[in-house]
Every structure is written in structure tokens, then in C-alpha cells.
Amino acid sequence: MTGSTSLPLGRPARVGIVGLGQVYELTIRGYRDNPDTEIVALCDQDSQRLAQRGAEWPDARRFTDYDAFLQEDLDVVEVLVPTPLHCDIVCAALDAGHHVNVQKPFAHSLAEADRMPAARDAAGTYLRVMENFIHYDPLRVLKQVVDSGEIGEPAGFPMKMVATGVGGWDITFAPDMLMKSDYYTNDERFEVTGRKGFVRVNRCTSLGIQQAAVEVYRDGELRAYHALDDDWASSFDTQTREFYRFLVHGGPEAAWNGDEARDVLAFVQAAYDSSEQNRPVRI
């Protein structure tokens, strides 16, 4: 079961947000001026942060106690707590009869990834795992290019990530977190692909690197897509609005549900196991 028989709601969703840390700054974009949502409750153990975030939502009740928060009249709990806390927080929200939208990564273990959909099924509610880059404009264009067949069978797909104050989200990070981009910018890498297609995506804003968002290579021709939304954080806005359109109005199911997220985690774990054991691993 991937959804509740009570959907669609047919009215704005009453939303409670638990976890008001840094990712809140990105996620909240999809709630501002959104006619499909109403923020009615906020929950965080940090009372100072609760007051700071709550200033934007003066009508929302504020809680430092999660159990009391769950007793509110909510349709959806937006879970923005750290990943190790996901399972217990999500299961408690589902057990209370609320739909859940939870941040990625879904879980740190398959056991936790199994518990959450089981709680969803028992409650008859909806569990959605947020993956914002499904809604990132350059990646959407990339999918259209690949699906169209114009570059044939893709032979490569490197993706550049920029995480600095002028090229992405301004967060604190260690210098060794930066990814070297030589592999993606060396023209010789295009030559070795022969006549098959090659695609490059630059995950950054125009403030960081003045390059095309998507580049497509085939048969010696390099085509660039410049006229794209280069605000990568807008994908958070888009993914949230898509989810609530589905929840309130119905239509195609919003990606991802808990089952899909669990399968992805199983695949990633198998890849790690295979690498460590130096042999194929059955999923």
C-alpha cells in the first residue's frame, strides 16, 4: 500500500513540521504562498530556534514535546530531523494517523527502511520520501534528451557538484569534501566515447560557474542548454508543491514513496557490500 484511501484531501493540508534546523531553510520554500498547505504546528527541542522559525508562522502552535505535537489536528508531518532519528519520528507520526513527508536519506539500515512502510500500511496513511533533484530543471532536461533518443545510447553521465557559498547552499564543510572536476572538463573524455552520446550536468548556480547547465555530445557535436533554471534550491520548492498537489487534488502519485526509497537503499547497500567483498552480491 503506497497511499491512503482518504486521499485526495480536497482542501488545504494541515501541516506540522518537526525539526527546524538548517534544511528547514530550503524545505520551507515550498510552503510559502502555497494555497494547498497551512502550517499549523512546529516542533523542535531548541526553544530559541522554535521562536525564531515560528515568527514566520504566527498562527502555528509551537512544541518542544513531540508527543504533544502529534496530538494536534494534523494531516501531514514534515520530518526534517537528522537521519538517525527518522525511523522513530516517522513511525510515531504514522501511528498517530498522520501522513508523512520525510527528508532524504530515508534511513541508515534496511531494518529501519522496512519498519516505516510497515507502520504506514498499519495506519493506512501515506509516506513520501523527499528527493528534490528529481525536480531539478537541468536533470529534467537531461531526461528529456535521453528519452528522445537524440544521442543514442548514453555512454556516460558525469555530474559536477558545487558546494560553496557562491556556487550552492552556504554550509560549513571540510576542504576534502570538494569534488575535483578534472574528469568532467577534459575534452579527451568526450573523444573516447566514440559515436555514442555523452551528457554532462553541472549542479550549481550561475553565480558559481558560468557554464551551461546541461551539455550533450554526439558525433563530434557539443550542444549546450543555457536557458535553464540554475537555482538548484528551487527543486526543493517544486518537490514540495508537487507532493501537496497530489495530496490535496489527486492525480499522478508523487515520487518517491517509502517502497521506492527502501529499494534504493537496498541497491546502495548491495553495492557497498559488493565493493567490500570484491564479488557480486545478490540484491
Fill in the blank from the handout: At R0 = 25 Å the Cβ-Cβ FRET efficiency linking residue 104 and residue 150, nearest 0.05, sits at 0.25
Practice task
Calculate, for residue 52 and residue 268, the FRET efficiency according to 1/(1 + (r/R0)^6) with r their C-beta to C-beta distance and R0 41 Å; round to the nearest 0.05.
Solution key: 0.70
Completion exercise
Quick calc: nm separation of the 7 Å Cα→Cβ label points for residue 276 and residue 143 -> 3.2
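The numbers here are math on the coordinates, done by the rules we state, and not lab data. Here the structure is a predicted model, which means the values were calculated and not measured. Neighbour counts run over all protein chains shown; Cβ positions are idealised from the backbone, glycine included.
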